Amino acid sequence: MDHHKNPSVIFFFLFFLVFVVACSNNTSSPEKENIVTNPDKIDVKTAENIEAALRSALANGGKINDTIQLQLTSLVNAFYKSNDFSNVWSKKEKWAPLADSLFQFIQHAELSGLFPKDYHAKNLQSLKSQLDGDSLKRMNATLWATADLMFTDGLIHVLKDLKVGRLQTDSLSLNADTTIVENVYVDAVKKIFSTGNFSAVLNSFEPQHKGYIALKQGIKRFLDSMDRRTYTYVTYPYKSKDTKDSLAFIKTFQRRLNESNCIDFVNKLPDSLQLNAAVKKYQKLKGLKQDGVISSSLIRLMNSSDAEKFKRIAITLDRYKQLPAKMPEKYIWVNLPGYYLEVWDHDTLALESKVICGKPSTRTPLLNSHITDMITYPTWTVPNSIIVKQYLPKLKNNPNYLSRLGLHLVNSKGETVSGSSVNWAKYSKGIPYKVMQGSGDDNALGVFKFNFENEFAVYLHDTNQRYLFKNSSRAFSHGCVRVQEWEKLAYYIARNDSMSRKPGDTLRYNTDSIKTWLAAKQRKRMDVKNGVDLFIRYFTCEGNNGVIKFYDDIYGEDKALREKYFNDK
């Protein structure tokens with residue numbers, strides 16, 4: 001049978017061809033559906049796209065397409081839901097003036113200690129360029145909707161990071177059912193659009209602490225001279241007994257040496273001689289002793305690039321956000337990495353002093369409290385941690401070891417006990433006695449002590465090792481804070497207590513009585529009725545006249561936060 005000559009076959013083929021062509025002409029792609037040629041009608045289609053994209057984002061972990069993911073989807077949705085999902089950053093194919101304000105802020109977010117990449121900077125730059133430069137893309141409602149969502153998500157994220165920072169994401173819940181939090185950010189976005197005052201709203205979300213403002217003022221100068229080369233970050237210490245961990249460290253360390261031109265290959269592991277030579281070369285480059293030893297101080301230096309310093313600025317700015325929104329009128333401020341104490345009185349620096357803080361192994365805790373009482377010529381009760389680590393092993397060999405140190409044992413009845421009468425072998429985690437040092441000029445607490453409520457049994461005090469204040473690094477104590485200008489601090493607290501006294505109150509001490517008791521070497525306890533607030537904090541950088549000063553990360557706190565929150569920056 002000849003199919004080419006069969007009329008029914010030819011008819012069927014022609015009918016099928018016409019059907020396919022007709023179907024293809026009647027089927028439009030989603031891309032074509034979102035092209036709106038009339039600028040007056042594009043906003044309606046953009047709003048439809050915003051609502052659909054948010055439905056998808058809520059169901060897919062914030063994703064609105066293959067490359068863009070919203071960070072705070074529930075808050076973004078709350079804003080648009082209150083706005084009938086209308087686009088706010090553009091109207092009729094033209095950007096709103098506030099879009100440019102936000103875009104410029106994100107591009108220069110580093111000036112606020114923020115990272116542009118956290119706020120869709122790259123995608124916004126790309127999308128904005130497309131919409132600005134391509135007339136066909138300007139007709140695409142999907143692109144305008146995507147831009148609108150990224151702008152809003154970026155703004156809410158900026159507001160959140162300015163207000164609460166990035167260090168404690170659980171300190172303020174961002175769940176959709178947290179009405180208070182939702183209102184804070186959604187209302188702020190609404191206020192920006194109702195007033196047009198972009199900068200004022202953002203500024204209202206930032207701390208007003210003098211230290212925060214001073215540090216922020218130093219960022220521009222830091223950025224202007226910043227070496228933006230990216231160096232490999234070396235994590236140290238590592239688990240030396242773990243072969244896999246050790247190997248990973250050597251590879252990372254080798255890469256970092258290569259970046260400083262101290263070893264010329266990374267395609268194979270160096271042997272011990274090659275590694276030693278490379279370390280010595282780096283040490284010579286940095287003016288260090290050339291011993292070839294890999295140490296924590298060497299790794300700290302390697303990691304101290306300008307990029308890493310900027311992360312420390314960001315961390316410190318976020319630490320200010322953990323302080324009360326309004327600081328007390330009078331307070332004592334101790335900054336551990338700076339080794340200093342300040343007393344602030346109505347925004348005026350009333351006094352400052354060098355301090356000695358805890359060693360890395362016996363850190364001074366970070367806390368908020370207030371001075372409750374002061375003691376002249378105090379006794380010292382040795383903390384259990386010192387007894388277990390330092391004294392107990394030696395007492396097992398020499399029961400009278402404590403007497404050599406000027407210390408004595410006291411039982412629960414307050415009676416002095418001889419060390420030779422105790423079976424020290426039976427104790428390992430603690431002892432049923434207090435170890436005490438009597439008052440006097442040789443007492444470890446010196447001649448003055450400031451008590452404040454805390455769970456760590458630490459306090460401020462004088463010291464019998466005042467010569468240590470001459471050192472630039474002063475992490476020597478067992479956790480308490482030794483104050484060089486203890487006398488000035490005592491007199492300030494006494495004067496403040498006297499000035500704050502209400503009619504009828506009797507004050508049992510003043511500056512003169514303190515002087516008398518000290519001269520007589522008398523032990524006296526003074527209740528402080530109007531205790532000055534105390535903040536012990538950890539700030540490794542600060543601004544002064546537009547210049548940022550960096551302190552050593554003595555406890556590795558910045559390092560831990562950097563690796564937890566800023567590893568991808």
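The values are calculated or read from the model by the stated rules, or taken from the named source; none is laboratory data. Not measured: the values here are computed from a predicted model. Reconstructed Cβ throughout: ideal geometry from the backbone, glycine too, with neighbour counts over all protein chains shown. Side chains included, ligands, DNA and RNA excluded: accessible areas come from the protein's heavy atoms. Shrake-Rupley method; radii C 1.70, N 1.55, O 1.52, S 1.80 Å.
Amide H to amide H, with H built 1.01 Å from N, Lys330 comes under 5 Å of His346, counting only residues 5 or more places away or on other chains. Think of a 1.4 Å ball rolled over the protein heavy atoms: region 356-451 then has 49 Å² of accessible area per residue. One decimal place: the segment Lys394-Asn258 gains 44.1 nm when fully extended, by the rule 0.36 nm per residue minus the C-alpha distance. Its Cα gyration tensor gives region 80-235 an equivalent ellipsoid. The semi-axes, each the square root of 5 times an eigenvalue, are 28, 22, 15 Å from largest down.
The stretch between Gln71 and Ser418, if pulled fully straight at 0.36 nm per residue, gains 118.4 nm over its current Cα-Cα span. Could you sort out which of Lys244/Lys284; Lys220/Lys549; Lys160/Lys210 sit more than 23 Å apart by Cα distance in this structure? Pairs exceeding 23 Å: Lys244/Lys284. Farthest towards the positive end of the charge dipole of the chain, among the residues Phe198, Val532, Thr142, is the Cα of Val532, using unit charges on the Cβ of Lys, Arg, Asp and Glu. Highest mean packing first, where packing is the average number of other Cβ atoms within 10 Å per residue, the peptides 373-386, 428-441 line up as 373-386, 428-441.
I need the fraction of alpha carbon pairs in the chain separated by more than 33 Å, rounded to a whole percent. Result for the distance tail: 62 percent.
Report summary: the helix-based calculation at 222 nm, which adds -39500 (n - 2.57) for every DSSP H run with n ≥ 4 and divides by the residues of the chain, gives -12500 deg cm²/dmol.
Could you tell me the calculated FRET efficiency between Arg221 and Val266, based on Cβ-Cβ distance and R0 = 45 angstrom, to the nearest 0.05? Between Arg221 and Val266 the formula returns 0.80. Helices assigned as whole DSSP H runs in the chain whose Cα atoms extend at least 27 Å along their own long axis and whose mean Kyte-Doolittle hydropathy is -1.0 or higher are found at 7-26, 141-163.
Solvent-accessible surface (1.4 Å probe) assigned to Val388 amounts to roughly 40 Å². Only the Cβ atoms of Lys and Arg (+1) and of Asp and Glu (-1) were treated as charged; on that basis the dipole of the chain about its Cα centre amounts to roughly 2300 debye.
Looking at region 517-569, the pairs of alpha carbons with a distance over 19 Å make up 62% of the total. Ordering of 112-118, 188-194 by packing is 112-118, 188-194, highest average first (other Cβ atoms within 10 Å, averaged per residue). The calculated P(r) of region 213-261, using every Cα pair and 10 Å bins from 0, goes 22, 30, 23, 20, 6 in percent.
When only the Cβ of Lys, Arg, Asp and Glu is charged (+1, +1, -1, -1), the dipole of region 434-523 relative to its Cα centre reaches about 120 debye. Computed from backbone phi with θ = phi - 60° and the Karplus coefficients 6.51, -1.76 and 1.60, the 3J(HN,Hα) list for region 418-434 is 6, x, 6, 8, 9, 8, 5, 4, 7, 10, 9, 9, x, 10, x, 9, 8 Hz; x is used for glycine and proline. Basic side chains Lys and Arg get +1 at the Cβ, acidic Asp and Glu get -1 at the Cβ, and with that the dipole of region 90-236 about its Cα centre reaches some 380 debye.
A straight chain from Arg523 to Tyr467 at 0.36 nm per residue would run longer than the Cα-Cα distance by 17.8 nm.
For region 417-530, the mean projected area of the C-alpha convex hull, equal to one quarter of the hull surface, is 10.6 nm².
What's the carbon and sulfur percent of region 175-310's accessible surface, probe 1.4 angstrom, rounded to a whole number? The nonpolar share, carbon plus sulfur, comes to 50 percent. Ordering Val547, Ala99, Thr243 by the projection of their Cα atoms onto the charge dipole of the chain, which places +1 on the Cβ of Lys and Arg and -1 on the Cβ of Asp and Glu, puts Thr243 at the extreme positive end.
If R0 is taken as 45 Å, the Cβ-Cβ distance between Gln168 and Lys289 corresponds to a FRET efficiency of 0.65. An oblate overall shape is assigned to region 262-410, the ratio a/c of its alpha-carbon gyration tensor axes (a ≥ b ≥ c) being 1.5 or greater and a/b not exceeding b/c.
Protection proxy ranking of 74-87, 316-329, by the mean of other Cβ atoms within 10 Å over each peptide's residues and highest first, is 74-87, 316-329.
Pair-distance distribution of region 188-299: all C-alpha pairs, bin width 10 Å, starting at 0; shares per bin in whole percent are 11, 28, 20, 15, 15, 10, 1.
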